[in-house]
Amino acid sequence: MIRTVLLLFTSLCFAQHQQKALEKTLYDYINGSSYNNIAQLESAFTDNATLYLTLKDGYQRLTPKKYTGFFENGTSGTFNGRIGSILSTDIEGDIATAKVEILIPKLKWRFIDLFLLKNTADGWKIISKTATKMEKAKERGDRILFITSNTHYYGKTDIANGNSFSEIAYAYEEFTREGYGVDFVSPKGGQIPLRYINTSEKIQKNQLYNPDLLYALKHTKKPKQIDASKYSAVYFVGGGGVMFDIPFNKEIHKIAMDVYEKYNGIISSVCHGTAGIVNLKTQDGEYLIKGKRVNGYPDQYERKDREFYKTFPFYITQTVEKHGGIFKFSKRNTPHVEVDGRLVTGQNYLSSTPVAQKIIALLKDKK
């Protein structure tokens, strides 16, 4: 038994090491091309790699040297407007595939790059690349940060807990359809637990089988990996998990308030996700929600006779009002959204889409 556990642990560690090494190569490509760093960009490729790209003169086959030459006129180390992010990876032994998104907001361009990689004596290297330009891209370069929980159980019980997939799926659908990039962060990073999945509902089913979303949920970022300046809004996802690890996480709080105060961004939440914002404080030491209209899952609708309810560290309505907020809500199973300045909050999973729509409208007005 012990031997089996050790083997599984070793295998998991090796897989995580390979994933990080693969991502490093992809970020060498992304950052090298975004900051005109020729040496960093070249290091991502094998010398005999082949790139298949459509240029002004039509479809061409390029060498890495020819490709990196496109960036030689730029100032090394200076951002050139290209925003890159990893959408998905798939490792099989010593080979891998990867999908990367490249945005050039100034030109309203969006590219999808596909890579074939090989684990060589010098580490993971790109051996082939192709790309396509999305004709109807609406990308603005704005990104939304979904804040999620790592909590698997209610308190010290064995009652399953997690993040509400429906609240992720509906908002993700709205943001990505409108051309916004979405990233995920959790206190510990990595895979997060999911609850409330309905594959009979069209949007949830589509997103459950969306490989880009599944990759993001499997590889949520750690707080230390987040640069708040890149985000126009944060979205606190609901589900019971958020009650336990998010309201007390100082790193998450700093990210959210930096987006809000330093970069004039939006803070939003839905359902139990409002638990994640009740303790946020502004630079002057006041609670963010003080004097503001706030929505979320009401204490009145909680199943107070259930065992899981007894594990809650606090109650949403009660805490909102204690911290100076004005709690608003509607009848059960009806969408309700409150917008108070740059704070957008929703009552339940049915409010996920309108919350996202309100955020998008605010961002459009801001521009």
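Annotation: amide H of residue 348 within the under-5 Å range of 271, 336, sequence separation 5 or more or interchain, hydrogens built in the peptide plane. Relative contact order of the range 78-178, taken over Cα pairs closer than 8 Å and 6 or more residues apart, is 17 percent. Averaging the sequence gap over all C-alpha pairs within less than 8 Å and six or more residues apart, then dividing by the number of residues, gives the range 104-245 a relative contact order of 29 percent.
Computed with a 1.4 Å probe on the full set of protein chains, the accessible area for residue 281 sits at about 100 Å².
Averaging the sequence gap over all C-alpha pairs within less than 8 Å and six or more residues apart, then dividing by the number of residues, gives the chain a relative contact order of 11 percent. Across the range 28-155, the volume of the C-alpha convex hull divided among the residues equals 165 Å³ per residue. About its Cα centre, the dipole of the chain is roughly 460 debye, where the only charges are +1 on Lys and Arg Cβ and -1 on Asp and Glu Cβ.
A cut-off under 12 angstrom between Cβ atoms defines the neighbours of residue 300, and their net charge, with Lys, Arg +1 and Asp, Glu -1, is +2. Judged by the ratio a/c of the largest to the smallest principal axis of the C-alpha gyration tensor, the range 295-336 counts as oblate, that ratio being 1.5 or greater while a/b is no larger than b/c.
Remark: the range 25-167 carries a charge dipole of roughly 620 debye about the Cα centre, counting +1 on each Lys and Arg Cβ and -1 on each Asp and Glu Cβ. Pairs from the list 108/188; 66/230; 108/364 with a Cα-Cα gap above 23 Å: 108/188; 66/230.
Give me, ordered by chain and number, the residues 5 or more places off residue 164 or on other chains with an amide H under 5 Å from its own placed amide H. So residue 164 has HN proximity to 195, 238, 239. If the segment from residue 195 to residue 225 were pulled out straight at 0.36 nm per residue, it would be longer than the present Cα-Cα gap by 8.3 nm. Once the chain from residue 333 to residue 65 is taken as fully extended at 0.36 nm per residue, the excess over their C-alpha distance is 90.6 nm. Each of 325, 86, 200 was placed along the dipole of the chain (beta-carbon charges, centred on the mean Cα), and the one lying farthest toward the positive end is 325. Bridge orientation summary for the chain: considering DSSP beta bridges with both residues in this region, about 60 percent are antiparallel. Each listed q (0.10, 0.14 Å⁻¹) maps to a log10 I(q)/I(0) for the chain from the Debye sum over equal C-alpha point scatterers, namely -0.68, -1.18.
For the pair residue 107 and residue 16, a Förster radius of 25 Å applied to the C-beta separation gives a FRET efficiency near 0.10, rounded to the nearest 0.05. Judged by the gyration tensor of its Cα atoms, with axes a ≥ b ≥ c, the range 308-356 is oblate; a/c meets the 1.5 cut and b/c is at least as large as a/b. Electrostatic bookkeeping for residue 231 treats Lys and Arg as +1 and Asp and Glu as -1; over the other residues with beta carbon under 10 Å from its beta carbon, the sum is -2.
Stokes-Einstein diffusion for the range 229-281, with the hydrodynamic radius set to the Kirkwood value over Cα pairs and evaluated at 20 °C in a medium of 1.002 mPa s, equals 197 µm²/s.
Computed from the Kirkwood radius of its Cα pairs, the Stokes-Einstein diffusion coefficient for the range 208-353 at 20 °C and 1.002 mPa s stands at 136 µm²/s.
Think of it as helices only: each DSSP H run of n ≥ 4 in the chain is worth -39500 (n - 2.57), and spread over all residues that comes to -8500 deg cm²/dmol at 222 nm. Basic side chains Lys and Arg get +1 at the Cβ, acidic Asp and Glu get -1 at the Cβ, and with that the dipole of the range 225-367 about its Cα centre reaches some 340 debye.
A dipole drawn for the chain from +1 and -1 charges on Cβ atoms has a positive end, and of 123, 40, 363 the residue lying farthest that way is 363. What the phi angles of the range 35-47 give under the Karplus curve with 6.51, -1.76 and 1.60, with θ = phi - 60°, is a coupling list of 10, 6, 8, 4, 4, 5, 5, 5, 5, 6, 10, 6, 4 Hz, glycine and proline written as x.
Taking the 0 to 90 degree range and rounding to the nearest ten, how far is the long axis of helix 165-177 tilted relative to the main principal axis of the chain, both from C-alpha atoms? Between helix and principal axis, roughly 50 degrees.
The values are calculated or read from the model by the stated rules, or taken from the named source; none is laboratory data. As the structure is a prediction and not an experimental result, all values here were calculated from the model. Counting neighbours? That spans all protein chains shown, and the Cβs are built from the backbone with ideal geometry, glycine included. Note: areas computed on protein heavy atoms with side chains; ligands, DNA, RNA excluded. Shrake-Rupley method; radii C 1.70, N 1.55, O 1.52, S 1.80 Å.
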